[in-house]
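S.K.: Here it is, the structure, as structure tokens.
Only the coordinates and a few stated rules stand behind these numbers; no lab work does. The structure presented is a predicted model; accordingly, all values stated were derived computationally and were not measured. Here the Cβ positions follow ideal geometry from the backbone for every residue, glycine too, while neighbour counts run over all protein chains shown.
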Amino acid sequence: MTPVSVTQGSGPIVLGLPHTGTYVPEGIRAQLNDNGRKLADTDWHIDQLYDGLLPDVTTVTANFHRYVIDANRDPQGESLYPGQNTTTLVPLTDFDGLDIWDTPPDAKDINTRRDAFHAPYHAALTAELTRVRDLHGLAILYDCHSIRSNIPFLFEGTLPDLNIGTNSGATCASQIEQVVHKLAASASGYTSILNGRFKGGWTTRHYGRPAEGWHAIQMEIAQSAYLTDETPPWTYNTEKAARLRTCLTGILHALNDTAPEMNT
């Protein structure tokens, strides 16, 4: 299993998918406990949800599971949300704060996984953002995520359906933030928020360099919006997903149309 899959498109948008992968090497799987082997914190079916929504889009997908190493965390282990519960570069617990390892990884394990999985994913993402910027004068990284809507360990209450993160406007031009926020806020049947609990992970913050022509925005979707239930077997609900795909199609096409306007 290769650590990353890339589909190249000719448009200005790159979709990042760091958490849809479920591959765990056998040696690492043997170190997980029964709870960890459930792989509960996957962004279930997020690749299927976005598939085919926008022609000529580039996708960069991590095939490995976030329990191997989290592609959306600082490779040096710095916390995204100091003072709040979160998971680490190689998570020691699940999103409910429960242990996932029989044999937790040591520093050597983490370094090995960083080189074998985290680094190739970000090398591919960097290469694609550079290629797209060379084609269009800018690149828009749209980072695709999903999560259960109720996780008391991580946040209070019920998460809105559409959670937009730009690190309080720092990771992209205001036009990009406004386009996504306006369409999400006006989407019938969905709740949304801009820079709420999820302000953008390490990927969004690291690649969001508007002055260099790299714009990044994160979309964290509540899984209740497209799964039958937020419990195993994590069934993709085609009816829910079809409605949500219509909303996401509008967002991506509007972003695609915004890109050339930013170069005029």
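S.K.: In straight Cα distance, which lysines are under 22 Å from LYS182, not counting same-chain residues fewer than 8 positions off?
M.R.: LYS199, LYS240
S.K.: Roughly speaking, what % of Cα-Cα pairs in the chain are separated by over 34 Å, rounded to a whole number? Each step should come with its number before you reach the end.
M.R.: Details: 4370 of 34716 pairs.
So the portion of pairs separated by more than 34 Å is 13 percent.
S.K.: Residue by residue through the stretch 231-243, what is 3J(HN,Hα) from phi via Karplus (6.51 cos²θ - 1.76 cosθ + 1.60, θ = phi - 60°)? Round to whole Hz and write x for glycine and proline.
M.R.: Each residue's phi maps through the Karplus curve to give 9, x, x, 6, 6, 6, 9, 5, 5, 4, 5, 4, 5 Hz.
S.K.: Report the Rg/Rh value for the stretch 1-154, based on alpha-carbon coordinates and the Kirkwood definition of Rh. Walk me through the numbers before you get to the answer.
M.R.: On the way: Rg = 16.0 Å, Rh = 16.3 Å.
My calculation of the ratio gives 0.98.
S.K.: Let me ask something else about it. Can you give the Rg/Rh ratio of the stretch 96-159, where Rg is from the C-alpha atoms and Rh is the Kirkwood radius?
M.R.: Numbers: Rg = 17.8 Å, Rh = 15.6 Å.
Value, to two decimals: 1.14.
S.K.: Taking 41 Å as R0, compute the FRET efficiency from the Cβ-Cβ separation of THR2 and ASN150 and round it to 0.05.
M.R.: Values: r = 35 Å, r/R0 = 0.84.
Plugging the Cβ-Cβ distance into 1/(1 + (r/R0)^6) gives 0.75.
S.K.: Another question about this same structure. Name the longest site-free stretch of the chain, where the excluded sites are GluC sites (Glu not before Pro) in a DSSP loop with no more than 15 other beta-carbon atoms within 10 Å. Don't jump to the answer; show the numbers that get you there.
M.R.: On the way: sites that count: GLU78, GLU156.
Result for the longest clean stretch: 157-264.
S.K.: Using a Förster distance of 22 angstrom, determine the FRET efficiency expected from the C-beta separation of ARG29 and LEU98, and round it to 0.05.
M.R.: On the way: r = 18 Å, r/R0 = 0.80.
Taking R0 as 22 Å, the efficiency between ARG29 and LEU98 is 0.80.
S.K.: Could you put MET262, MET1 in order, starting from the residue whose Cβ has the fewest other Cβ atoms within 10 Å? List each step's numbers first, then the result.
M.R.: Working: MET262 17, MET1 9.
Listed from fewest to most nearby Cβ atoms, that is MET1, MET262.
S.K.: Right, here's the next one. So what is the calculated 222 nm ellipticity per residue for the chain, using -39500 (n - 2.57) for each DSSP H run with n of 4 or more, over all residues, to the nearest 500 deg cm²/dmol? Please report the intermediate quantities before stating the final value.
M.R.: On the way: 7 runs with 76 residues, N = 264.
Only helices count here, giving -8500 deg cm²/dmol.
S.K.: Additional query: Evaluate E = 1/(1 + (r/R0)^6) for THR126 and LEU53, where r is the Cβ-Cβ distance and R0 equals 30 Å; express this FRET efficiency to the nearest 0.05.
M.R.: Values: r = 24 Å, r/R0 = 0.79.
Computed FRET efficiency for THR126 and LEU53: 0.80.
S.K.: Of THR126, THR61, THR103, how do they rank once you tally other Cβ atoms within 10 Å and put the fewest first? Numbers along the way, then the final one.
M.R.: On the way: THR126 14, THR61 22, THR103 11.
Least crowded to most crowded, the residues run THR103, THR126, THR61.
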